[in-house]
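Computed from the coordinates by the stated procedures, all read-outs in this text should not be read as laboratory data. If you're wondering where the values come from, they're calculated on a predicted model, not measured in any experiment. Backbone-built Cβ (ideal geometry, glycine too); neighbour counts: all protein chains shown.
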Amino acid sequence: MLSKSAARAFFLGGTALCGIAFVALTVDTFNRIPKQTNASQITPAVARGKELWDSSNCMGCHTLLGEGAYYAPELTKVFERRGPAFIRAMLTDPEKMYPGQRRMWKYDFTEAEKDDLIAFFEWIGKMDLNGFPPKPHLGGVVTPSGAMATTTDRPQVFNQLCVACHALGGQGGQVGPALDGVGGRMTAVQIDAWLADPPAVKPGTAMPKLPLTDGQRQELTAFLSTLK
Amino acid sequence: MKFESQRVAWWFFATCMLLFTLQLVYGLIMGFAHAGHDGLHDLIPFHVARAVHTNLLVVWLLTGFMGAAYFIIPEECDRELYWPKLAYVQLIALVVVGVVAIIGFHLQWWEGRKFLEIPRPLDYLVVIDVLLFIANIGMTIWKGRRMTTTAMVLFFGLLMAALLYLPGMLPSDNQTIDSYWRWWVVHLWVEGVWELIMGAILSFLLIKLTGVDREVIEKWLYVIVGFTFLSGILGTGHHYYYIGTPRYWLLVGGLFSALEPLAFLGMAIYAIAMARRGGRNHPNRIALQWTIGCSVMSFVGAGFLGFAHTIPQVNLYTHGTLVTAMHGHMAFWGAYAMLVLAIIAYALPLLTGRRRHDSGVASFAFWTSNIGMIAMTLAFAAAGITQVVLERRVGMDFVTVQKEIEMHFWGLILAATLFILGIGAYVYDFIRHGKPVAEVDGGAPDTASGGAEAAA
């Protein structure tokens, strides 16, 4: 039967071995992190963005690299998913972007601070994360109209901004109405006027005026008009 | 209670009760917010409630460990605490730092790093406070009349916990490096050195409650903490799967995390086997109930659910979802909350001189809180699994998914109500015990009658 001194030797020996292995792996990891995280691209703006990320306790609601709280969206790929214009609008007034929805704290960031946070998100999004976040692979199965196949034909600004609130072919947000068939309900002129300034067309609407360039608005109008 | 200075433990335990109660309030705020009712948003937004909820947990558990140490160490070393007054000073300092931190969180003064939100100046005060505590315990052991394995494991656990707080203060501009060190604190605490503290406190309780021979219990203590470190140290790797660290962590973390349940399983088998061997003759049955409950629930919550969640292929989908909250709640409850409640249940009658351990309230507290926590875990599981399927697999929008799972949070709130009833009963029982007595009784009634010889 096992003696107490043998048990102690097992404890001390096992701990020492694992501790040494862990320290060795840590050293190796630190040699590899700069390349894997593109550390050379950590500009002063990115560093300031990280400071803001911490001091605002964004992790208190959001996750980043899958770490944080589960009250608000995962933001690792937010730069790719939503683009800088949406992020800036969201940081300016979150409740305007998602009226009547789950609320985000209004931080009153300066324009320079928003630039820093956007730079931080852009850097985070380019890391090699060993396959995280995973690509949804059941999307096509449950989408009735097979819209998945055509997402690449859509304007980039549509895929980043519009789908945050609107669905098309069953994919996208449900804050605003679905956009299927919108080209049949509205003329191109109406769509263009609406995109330019929604509250001016319909006072009290939940949709905010979005930071679109003229080119983006024309592109969107042309695309939405085809949705009959 | 054998020694005068053990009395300070009562004040630590009373602080625990207060902080724990407060933690439940902030948990409820978050539950309602998730269910779509964020009426307190302008006063206590979610990220404030979250920081308070988790930090209160850490502080009340640490307070409980300190109280446990101040109760256990004099008895194990057979002498008074080396600096009895320092223990009170140290408690007051801890409470002051805690209160300042919580008020600070409401004013959004924090670091915003999950579990380590306490602002930097307060970090230093925490370190100083813990060093005072370690010094007091260390001197008591050093000058003690005997040096037991239980005392040494407890001391080593507490010392390592203090030292491992330091990596969390290393600054970095790189989010990955920042996270890397943060897990050195958080993981190596809860799945490393805190388990030493847990093993030592369980050993103390089992020695006292079952009457099994100390040599036998302490031998198995070594085996269990051996397994803890064998799996837990490299098991830190399960936090390094997807944060910008090398791919080999998927293998290392996955392999060693899979061994982590063994330590908890060992702990459960150990507690149950020792209780059987000793014949359960101690009059404080409720303390034994909490002790065994702790070992079983920690296996289910930390061991089994943790294992299921840390398989790399599973974790790719569950990482950063409510599934983590499911595992986290039951793991902390089973392993650490129940442990502190067990040592309080054991120490309270001895500190206050009131034998209330047969009361129906105590039994009600045990069963209601445990059933409540199991139900909460199920509610989190329903919400978490739905979130994983809809968001990560189907690709639905985050906000849409959150609407879909709101109803599970009503389930969670119902379960939490049951849990709060149980904890309420525990706190009521604590208050009914009254304040600690003035005289010491030499610890006469504090032994298991019979069984001791049989086990030896």
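Scanning residues 5 or more positions from A:Glu74 or on other chains, those with amide H under 5 Å from its amide H are A:Thr63, with H placed 1.01 Å from N in the peptide plane. Considering segment B:187-325 at the alpha-carbon level, its Rg and Dmax are found to be 16.6, 54 Å.
A Gaussian network model of chain A, with springs between Cα atoms under 10 Å, assigns the largest mean-square fluctuation among A:Ala39, A:Ala196, A:Ala119 to A:Ala39. GNM remark for chain A: springs join alpha carbons under 10 Å apart, and the peak mean-square fluctuation among A:Met186, A:Met90, A:Met207 falls on A:Met186.
Measuring spread by the Cα atoms of segment B:88-143 yields a radius of gyration and Dmax of 13.4, 45 Å. Taking each of A:Lys50/B:Lys403; A:Lys35/A:Lys126; A:Lys106/B:Lys403; B:Lys85/B:Lys143; A:Lys77/B:Lys403 in turn, the alpha-carbon distance tops 20 angstrom for A:Lys50/B:Lys403; A:Lys106/B:Lys403; A:Lys77/B:Lys403. One quarter of the surface of the convex hull around the alpha-carbon atoms of segment B:301-358 equals 4.9 nm², the direction-averaged projected area. Scattering from the C-alpha atoms of segment A:12-118 alone, worked out with Debye: what is log10 I(q)/I(0) at q = 0.15, 0.16, 0.22 1/Å? Results for segment A:12-118 at q = 0.15, 0.16, 0.22 Å⁻¹ read -0.75, -0.82, -1.30. The residues B:Phe133, A:Phe158, when put in order of fewest to most other Cβ atoms within 10 Å, stand as A:Phe158, B:Phe133. Kirkwood radius for segment B:277-316, taken over all pairs of different Cα atoms as the inverse mean of 1/r, rounds to 12.1 Å.
Across segment B:1-70, the convex hull enclosing all Cα atoms gives 70 Å³ per residue. Over all pairs of different C-alpha atoms in segment A:19-75, the reciprocal of the mean inverse distance, the Kirkwood hydrodynamic radius, equals 13.4 Å.
Taking every pair of alpha-carbon atoms in the protein assembly as shown, give the share separated by more than 38 Å as a whole percent.
38 percent
Here A:Glu74, B:Glu111 are placed in order of increasing Cβ neighbour count within 10 Å, fewest first, which gives B:Glu111, A:Glu74.
For segment A:1-79, the relative contact order is 12 percent, taking Cα pairs closer than 8 Å that sit 6 or more residues apart in sequence and dividing their mean separation by the residue count.
How high is the relative contact order of chain B? Use alpha-carbon pairs under 8 Å, at least six apart in sequence, and give a whole percent.
Relative contact order comes out at 18 percent.
Globularity index of segment B:361-414 is 1.45 (Cα radius of gyration / 2.2 N^0.38 Å, N = number of residues). Which residue, chosen from B:Gly226, B:Gly192, B:Pro283, occupies the Cα position most advanced towards the positive end of the dipole of chain B, where the dipole is computed from +1 (Lys, Arg) and -1 (Asp, Glu) charges on Cβ about the Cα centre? Sorting the options by dipole projection puts first B:Pro283.
Distances between every pair of Cα atoms in segment B:246-324, grouped in 10 Å steps from 0 to the bin holding the largest one, split as 18, 36, 24, 15, 7, 0 percent.
Would you work out which of B:Ser257, B:Pro349, B:Ser298 lies farthest towards the positive end of the dipole of segment B:227-362? Charges go on Cβ: Lys and Arg +1, Asp and Glu -1. My answer, from the dipole projection, is B:Pro349. Hey, which aspartates and glutamates would be in cross-link range of A:Lys202, C-alpha to C-alpha under 14 Å, not counting anything within fewer than 8 residues on its own chain? Answer for A:Lys202, where 14 Å is the Cα cut-off: A:Asp192, listed by chain and number.
Ordering A:Ala9, A:Leu64, A:Pro134 by Cα displacement along the dipole of chain A toward the positive end leaves A:Ala9 in first place; charges were set at the Cβ atoms of Lys, Arg (+1) and Asp, Glu (-1). Axis angle, to the nearest 10 degrees, between helix B:214-235 and the longest C-alpha principal axis of chain B: 20 degrees. Shown is the FRET efficiency for B:Met152 and B:Leu255, computed with R0 = 22 Å from the Cβ-Cβ distance and rounded to the nearest 0.05: 0.15. Using 20 Å bins from zero, what percent of all Cα-Cα pairs in chain B falls into each bin? Per 20 Å bin, starting at zero, the Cα-Cα P(r) for chain B comes out as 25, 60, 15, 0 percent.
Across chain A, the mean sequence separation of Cα contacts (distance under 8 Å, 6 or more residues apart), normalised by length, yields a relative contact order of 17 percent.
Pairwise Cα distances in segment B:321-394 exceed 21 Å for 44 percent of all pairs.
Computed from backbone phi with θ = phi - 60° and the Karplus coefficients 6.51, -1.76 and 1.60, the 3J(HN,Hα) list for segment B:394-405 is 7, x, 6, 5, 3, 4, 4, 5, 4, 5, 4, 9 Hz; x is used for glycine and proline.
For chain A, modelled as a GNM whose springs connect Cα atoms under 10 angstrom apart, the maximal fluctuation among A:Leu210, A:Leu25, A:Leu52 occurs at A:Leu25.
Starting at 0 and stepping by 10 Å, how many percent of the alpha carbon pairs of segment B:265-392 end up in each bin? So the P(r) values, bin by bin, are 12, 37, 28, 15, 7, 1. The tail of the calculated P(r) for segment A:189-228 beyond 13 Å holds 50 percent of all Cα-Cα pairs. Computed from the C-alpha gyration tensor, the three semi-axes of the ellipsoid equivalent to chain A are 45, 22, 17 Å, from longest to shortest.
What you get for chain B, charging only the Cβ of Lys and Arg (+1) and of Asp and Glu (-1), is a dipole of about 640 debye around the Cα centre. Going from the fewest other Cβ atoms within 10 Å to the most, the residues B:Glu4, A:Glu219, B:Glu439 appear in the order B:Glu439, B:Glu4, A:Glu219.
Relative to the 2.2 N^0.38 Å rule of thumb, segment B:173-257 has a C-alpha radius of gyration ratio of 1.38. Here the protein assembly as shown is assigned +1 on the Cβ of each Lys and Arg and -1 on the Cβ of each Asp and Glu. Its dipole about the Cα centre then comes out at about 980 debye. Here the alpha carbons of segment A:60-142 define both size measures, Rg and Dmax, at 13.9, 43 Å.
Semi-axes of the equivalent ellipsoid of segment B:31-88 are 41, 11, 6 Å, computed as sqrt(5λ) over the eigenvalues of the C-alpha gyration tensor in descending order. For segment B:30-182, the alpha carbon positions stretch 58, 34, 25 Å along the principal axes, listed from largest to smallest. The charge dipole of segment B:298-438, taken about its Cα centre with unit charges on the Cβ of Lys, Arg, Asp and Glu (plus for the first two, minus for the last two), comes to roughly 520 debye. Averaging Cα coordinates gives a centre for segment B:149-228 and one for segment A:4-77; these two points are 20 Å apart. Here the average projected area of the convex hull drawn through the C-alpha atoms of segment B:98-212 stands at 8.8 nm².
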